[in-house]
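**Q** Quick one: the structure is below, questions incoming.
The values are calculated or read from the model by the stated rules, or taken from the named source; none is laboratory data. As the structure is a prediction and not an experimental result, all values here were calculated from the model. Ideal geometry is used to build each Cβ from the backbone, glycine not excepted, and the neighbour counts take in all protein chains shown.
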Amino acid sequence: MPISRRAFLQGSIAGGAALSAFGFDVAPVQAQAKTLKIGRTSETRSTCPYCSVSCGVIIHTLGDRAKNAIPQVVHVEGDPDHPINRGTLCPKGSSLQQEILNDRRLLKPQVRRPGSDHWEDIDWDRAVDEIARWVKKTRDASFIATDSRGRVVNRCESIAWTGGCTDTNELNYLVVKTMRSLGVVGLENQARV
Amino acid sequence: MTNGWIDIKNTDLMLIMGGNPAENHPCGFKWPVEARLHRNAKLIVVDPRFTRTAASADLFLQIRAGTDIAFLGGLINYAILNDRLAHDYLVHYTNAAFLIQEGFKLPEDGLYSGFDASKRTYDKATWNYEGAGASPAAGASLPPTVAYDITLQHPRCVFQLLKQQYSRYTPEMVERITGIPRDQFLKAADLFTSVRKDGDMKRVATIIYAVGWTQHTFGTQIIRTAAMLQLLLGNVGRAGGGVNALRGHSNIQGATDMAGVFDSLPGYLKMPSPDDADLATYLKRTTPTASKPAEWDSYNYWSNTPKFMVSFLKALYGDAATKQNDWAFHYLPKIDRKYSWTEIWDDMYNGHVKGMFAFGMNGVQIGPNTRKNIEALKKADWLVVGEIYPDETSEFWRAPGTTPDDMRTINTTVYRLPCAGFAEKDGTFVNSARWLQWKNIAVAPPGDARVDQEVLARIFLKVRELYQKEGGAFPDPIVNLSWNYTDPLHRSFVELAKEINGRALADVTDPATGQTIKAGQQLPGFGALKDDGTTLCGNWLYSGSWTEAGAMTQRRGTDDPSGLGVYPNWAWSWPANRRVMYNRASCDPGGQPWDPERRQVWWNEAAKRWVGNDVPDFKPDSAPKDHMGPFIMNPDGIGRLFGPLAAFQDGPFPEHYEPIESPIANPLHPSQSTNPVVQKFETPLDKYGTVQDGFTVVCTTYRLTEHYHYWTKNNPMNVQLVPEPFVEIPAELADEMGLRGGERVKVTSARATYVAKAMVTRRIKPMQIDGKKTYQIGIPIHWGYRGIAEDAGRTALTSVNLLSPTAIDPNAYTPEFKGFLVKLEKA
C-alpha cells in the first residue's frame, strides 16, 4: 500500500511517542492531540512570487471546508516534487505565509483628493466611476487621430500604464487588450527596469 | 535564458558576471553547485564585490562596475589569438564568413562609420552584408544573397573585422579599464577558453548574468559580447551552454513576451508605425525576407508574421476584425518615437502625461532619479495605484520633506485600490528558463481587496459604457473590443489563458498532421495559425500552452528520461515546449551531437527527421545536406557575430564606453568616452556628476538574500533578518574618512543624498583604474519611506534611487542604475 507523505509524518510522530515515561502506551492519545498543524489543511500548489527561479510552493489553508469559517493560510513550504527547487526555499520564500497574512495589507479603496493631506475611504463603485470618468476626460482631451503629416496614429499619449513584476501573463494580456484599445502608448513594466 | 536552471548541471565551466545567484537566486544556485560537485565544473565569478557567489568560485576577479565589455572583449581577443575557437561551428553557424560592404569602419576613434554628430545617431547603411552575384546592392535591407569566404581570410569578412576590432582589447588595456591585473585576467581567459583547447568540441561553457549587465548605457552590448564569445566557442544551443539571464522577478520574462512594454505587441510582434498606412504595409515592413549565401538555406521563421498578427487582431476584436476593415489594424495605436519607462516620467514631468495607472509597480522607488518621479507625479491630474501594501508611489504627496502647505499645492487625485497577492490569483508566471507554470488560488483577498484583473475589467467596462452612451474620441476599438467571456470580470484566468493559446474560428487543417481542427477547438500550436481570419491567438509564442488536451502549463510530470534535466512533461516551455533554444547547434553540420554523452537532438537519416530528447528547434525535415542555419529566427539563419543594419543603435560590434558618470576618460578613445548615441534628459532635475565636481567614488546597487525589492520591507520576518539599510564601504576608504562601521554616512550624487549606516568591509578592495586609485561602494536597494522599519523611525527615509541618473541604453532603454558617481561624508 502506498504511504502518503502526510501519513508517514503522522506515523513518525506517533512512533516517537511510543516510548514514554508513563509506563503505558500514550501513542494513540498523543497522535490524536499532536497532529501537525498542516494535518487538516488544504494544499494548493503555487509559485513563489519573488525571483525568477520559480520555486514551487505548497500553500496550506485551514478552515476552508467549514460553512462559517474564513479560510486562513497557516503554512507555506517548498514543493518537494518541483524539479528546480526540490522543496527548498530561500529566506524570502520561507516567509511567504507572512506575506499573505499581513496586517499591513490594504483592505479598502482610498482616495487622496487634490490639496489634501490625508486619505479618505471611497467605495468601489464610486472609485471605478470616478476613474472611468478621468480616463475618458483625459483621453478625449488629448487623443491624436492623425499626426501633423496626416498619417493615422490613433494614440493617446497622456495616459500611462506601469505594470508590476508579478503580474501574470493573463493579466498582462488583459492590459494589452484594454490599454492598446484606449490608444495608450506609454505602456511599460518592471521588465524594462 | 537560452537554456534553463536545471540544465546548468550539464556544464563544464561557468562564468557568472553581472549577477549574484548565490544570494539573489539561492534555490537556483543549487544547479551551479551541482555542476561543480558532479561534473567537476569550474566557476569564474567577476563582480565589483566579493559576493557569496564569488565565495563559491574557483576564480574571482574584482571588476570596476560598467567595464564588462572591456573584459569580455579581452576574452574574445584571447580566444582568437590562442585559436581557442569552434571552427566548424563558426564557419557554418555564424556570420563569421559573411563579407561586409566596403565603407564600413571600425571605431578606433570611438565612432563607427555613418555617425551624424548633429543628430547623435548613426546612418547604418554601411553596416550591411555585401550582396553576391546578381544580388542587388543592399541599401536599407539585407541582400537576399550574401557574399562569403569560408576560409575566413577575406579582409572584409566578419571574422577578420572582429579580430581587428578586439585586437585593441589587450590584457594591458583590460587592466587599465577594468582594474583587473593582467595576470589574473590571463588566468581567467585561459580557464574560460580551455573548453576549446586543442580543437576539442565536447566540453561546454555557460555564461550567466543579471541586471549587473543590463543596467548600463551599453547594457545590450555587454550581453551581445557574451553571446558573441559563446558563438566563437560554439557554446550556444548546447546542454550546459548558452547565454543565461537569471532575471530578478517572477514574471518579467512573461511581461516581455506579452508586450508589457511600449515597443512591441505580444510574441515580439512590432508596434505599428504611422508609415504603416495599412496592414499590408505593416506586414511588409515587419516580415523579414531571407538573406544568406546562395548555397545555404534559411528557415526565416518570422516569415509567418502575417499569421501571428492577423490571429492577434482576431483575438482582440473578434467579429469586428474583418478582411474588409483590414482586421481592425487601425484600432491599434501607431508610434514613431519612444515611450519607455524613463520617457513616461519625463513626459509627466513636462506636463504631457496626465494620468497614470501603477499596478504592482512602485515607480517612485524604482527610479531612476526618484526625486524627478515624485515631482512628475505632482504635475499629473490623477494616479491610480493597485497595491497590496501602502507604497511610496501612492504616497508621493507626503514624501519626506513635504509640508502640509506643500500638499495644498499638489493637485493630483490619487486612488489607492487594494488588490490581491500571489496566493489570491491564478494564472501563469514564466520563469527565466521560459517555463510557463500555472498557479492556483489558495485564498480570497482580504477585507475589501479585489483581484487585479477584476479591478482593471471594471474600470475598462465602465469606460466602455461611457463611450457607448456619450461617444467621444475614436470609440471604435473600445466599444468593439472582444469581451465575450463567461465571467466578464475574470476572477479566474482560465478563459484568458485559453484565448492566449488560440482557437479555430472555422474548421481548419493542421499542417503538421493533416487533421481537421474544428471551429471552436483549441489550437495545438502556432504551426496551425492562419492569416485569413480563421484562427485567433492572443500570443503566438504561447500557442500550445492550452490545447484540446488541457492546460500544458499545469502539468506535473517528474520524469526526465534523458537525465539531462529536460523534464519535458513538467509545465510547458515556450516555444513549442523546447527546453534548450537553438538546439540544432548542439550537433555538427552532419547532424550528430558534438558530445555523444549529452545528446539533445539529432538527425535520424532513416526517418529523415530531427529527433531527440528535446523538441528540435529546427525545421523537422530539413536534412543536414541542405545547410539550413540553426538560428531560425534570424533571416540569415546564423548566429550574428556582426549585427547588421539597424539590429543595434550603437554599432554592429560592441565597443567599450564609459558609464555616463565615470572616474576616467575612456582609455580606448578619450575624446569619445561615453556611448555616442546615449540618451540623457534635460529637465532641471537631470543633473550629471563629474570627478571635477568631487564625485569620485563609483557606486553600485544590489539586492540582499533576505529582501525582495520594495516588498519584503512589509514582512516582519524579513525585516527582523535585515532590519536597516546600510552602505558597504571599503575599509581603506573608511580609514581615510575616519569612519567606523555602524556610524552614519551620507552618500551624495549630482542629484540627491542618501543616508544610512556604514558597513565597513574588505569585500570591496580599492582598485587601480588607468593608474588612478579608485574606490567603489555598494548600496542595497530595499528601503524607502513606507515599511516596517521606516514607519518605526529606524531609517533616514531615503531611497537609493534618489542617487541614480536618468540615462538610458540606446537599444533596451534600461536606465544606468549601476556604476554612477558619488561622494561620501560622515553624517
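**Q** Any idea which of (1) without any contact (Cβ under 8 Å) to a residue 60 or more places away in the chain; (2) of a type in the set (A, V, I, L, M); (3) closer than 22 Å to B:G550 by Cα; (4) touching a Phe, Trp or Tyr at 6+ places or on another chain (Cβ under 9 Å) is the one B:L461 doesn't satisfy?
**A** (3)
**Q** If you don't mind, there's one more thing I want to ask. Taking B:M201, is it of a type outside the set (S, T, N, Q), in contact with a helix residue (DSSP H, G or I) (Cβ under 8 Å, 6 or more places away or on another chain) and modelled with pLDDT of 95 or more?
**A** yes
**Q** Another question about this same structure. Identify the single condition in (1) closer than 21 Å to B:F308 by Cα; (2) among the acidic types (D, E); (3) within 14 Å of chain A (Cβ to nearest Cβ) that B:E470 does not satisfy, given that it satisfies every other one.
**A** (1)
**Q** While we're here: For the range B:574-589, state whether one or more residues are more than 27 Å from the chain's Cα centre (by Cα), over 15 Å from B:W435 (Cβ atoms) and small (G, A, S).
**A** No, every residue in the range B:574-589 fails to be more than 27 Å from the chain's Cα centre (by Cα), over 15 Å from B:W435 (Cβ atoms) and small (G, A, S).
**Q** Take the range B:580-607 and flag every residue that is in contact with a helix residue (DSSP H, G or I) (Cβ under 7 Å, 6 or more places away or on another chain) and either surrounded by fewer than 21 Cβ atoms within 10 Å (Cβ to Cβ) or closer than 16 Å to B:V236 by Cα (or both).
**A** Correct list: B:V580, B:A585, B:D588, B:P589, B:G590, B:G591, B:P593, B:W594, B:R598, B:Q600, B:V601.
**Q** For the range B:419-438, which residues satisfy the criterion of being part of a loop (DSSP other than H, G, I, E, B) and facing chain A (nearest Cβ under 7 Å)?
**A** Those that are part of a loop (DSSP other than H, G, I, E, B) and facing chain A (nearest Cβ under 7 Å): B:G421, B:K425, B:N431, B:S432.
**Q** Scan (1) under 29 Å from A:I58 (Cα atoms); (2) not in a loop (DSSP other than H, G, I, E, B) for the single condition B:D560 breaks and write down its number.
**A** Exception for B:D560: condition (2).
**Q** Is the range B:411-432 home to any residue that is touching a Pro at 6+ places or on another chain (Cβ under 7 Å), over 27 Å from A:R139 (Cβ atoms) and without any contact (Cβ under 8 Å) to a residue 24 or more places away in the chain?
**A** No, the conditions are met nowhere in the range B:411-432.
**Q** Among helices (runs of 4 or more DSSP H) lying entirely in the range B:1-112, which contain 3 or more residues that are closer than 30 Å to B:V430 by Cα and assigned by TED's automatic domain parsing to the domain that holds B:D198?
**A** B:21-24, B:30-39, B:52-55, B:68-81
**Q** If you don't mind, there's one more thing I want to ask. Would you check if B:K42 is within 17 Å of B:G248 (Cα to Cα) and of a type in the set (K, R)? Don't jump to the end; show me each part of the working.
**A** Values: within 17 Å of B:G248 (Cα to Cα): no; of a type in the set (K, R): yes.
No; evaluated as a whole, the condition is false for this residue.
**Q** Can you confirm whether the range B:332-341 contains a residue that is touching an Asp or Glu at 6+ places or on another chain (Cβ under 8 Å), outside any loop (DSSP other than H, G, I, E, B) and more than 25 Å from B:P810 (Cα to Cα)?
**A** No, the conditions are met nowhere in the range B:332-341.
**Q** Separate question: State which residue is nearest to A:C48 (Cα to Cα) when the search covers only the range B:1-57 and only residues that are touching a residue at least 60 places away in the same chain (Cβ under 8 Å) and among the polar types (S, T, N, Q).
**A** Checked the range B:1-57; the qualifying residue nearest to A:C48 (Cα to Cα) is B:N24.
**Q** Tell me, which strands (runs of 3 or more DSSP E) lie completely within the range B:733-827 with 3 or more residues that are within 30 Å of the chain's Cα centre (by Cα) and either closer than 30 Å to B:R224 by Cα or not β-branched (V, I, T) (or both)?
**A** Numbers: elements: B:744-748, B:753-761, B:767-769, B:772-774, B:776-780, B:820-826.
Per the criteria, B:776-780, B:820-826.
**Q** Still on this structure: In this structure, is B:G360 more than 7 Å from chain A (Cβ to nearest Cβ) and either more than 30 Å from B:A504 (Cα to Cα) or modelled with pLDDT of 95 or more (or both)?
**A** No; evaluated as a whole, the condition is false for this residue.
**Q** Now, a different point. Within the range A:49-79, how many residues turn out to be among the hydrophobic types (A, V, I, L, M, F, W, C), farther than 19 Å from B:R556 by Cα and in a loop (DSSP other than H, G, I, E, B)?
**A** 4
**Q** Please give the number of the condition B:V698 fails out of (1) β-branched (V, I, T); (2) more than 17 Å from B:H216 (Cα to Cα); (3) crowded, with 21+ Cβ neighbours inside 10 Å.
**A** Status for B:V698: all satisfied but (2).
**Q** Can you name the number of the only condition in (1) of a type in the set (A, V, I, L, M, F, W, C); (2) closer than 20 Å to B:R176 by Cα; (3) surrounded by fewer than 22 Cβ atoms within 10 Å (Cβ to Cβ) that B:L685 fails?
**A** (2)
**Q** Being surrounded by 19 or more Cβ atoms within 10 Å (Cβ to Cβ) and either within 14 Å of another protein chain (Cβ to nearest Cβ) or without any contact (Cβ under 8 Å) to a residue 40 or more places away in the chain (or both) narrows it down to one residue among B:A277, B:A321; which is it?
**A** On the way: B:A277 fails: surrounded by 19 or more Cβ atoms within 10 Å (Cβ to Cβ).
The conditions single out B:A321.
**Q** Continuing with the same structure: What helices (runs of 4 or more DSSP H) lie completely within the range B:206-288 and have 3 or more residues being under 30 Å from B:D326 (Cβ atoms)?
**A** Those helices (runs of 4 or more DSSP H) span B:252-257, B:279-286.
**Q** In the range B:280-300, how many are buried (at least 16 other Cβ atoms within 10 Å of the Cβ) and within 18 Å of B:S264 (Cα to Cα)? Steps first, answer last, please.
**A** Initially, the range B:280-300 is screened for residues buried (at least 16 other Cβ atoms within 10 Å of the Cβ), giving B:282-283, B:286-288, B:290-293, B:296-300.
From what is left, the residues that are within 18 Å of B:S264 (Cα to Cα) are B:282-283, B:286-288.
Count: 5.
**Q** Collect the residues in the range B:474-499 that are more than 9 Å from chain A (Cβ to nearest Cβ) and of a type in the set (S, T, Y), keeping them in residue-number order.
**A** Of everything in the range B:474-499, those that are more than 9 Å from chain A (Cβ to nearest Cβ) and of a type in the set (S, T, Y) turn out to be B:Y485, B:T486, B:S492.
**Q** While we're looking at this one, here's another question. Among all residue pairs at least 6 apart or on different chains, which show Cβ distances below 9 Å where the first residue, located in the range B:651-668, is free of Cβ contacts under 8 Å to residues at least 24 places away in the same chain and part of a loop (DSSP other than H, G, I, E, B) and the second is among the β-branched types (V, I, T) and surrounded by 23 or more Cβ atoms within 10 Å (Cβ to Cβ)?
**A** As it stands, the answer is none, since no pair meets every condition given.
**Q** If you take the residues of the range B:439-454 that are facing chain A (nearest Cβ under 8 Å) and in contact (Cβ under 8 Å) with a residue 40 or more places away in the chain, which of them is farthest from A:D167 (Cα to Cα)?
**A** The first filter runs over the range B:439-454 and keeps only residues facing chain A (nearest Cβ under 8 Å), leaving B:439-444, B:446-450, B:452-453.
Checking which are in contact (Cβ under 8 Å) with a residue 40 or more places away in the chain leaves us with B:441, B:449, B:452-453.
On the way: B:I441: 14, B:A449: 16, B:D452: 9, B:Q453: 10 Å.
Per the stated criteria, the residue is B:A449.
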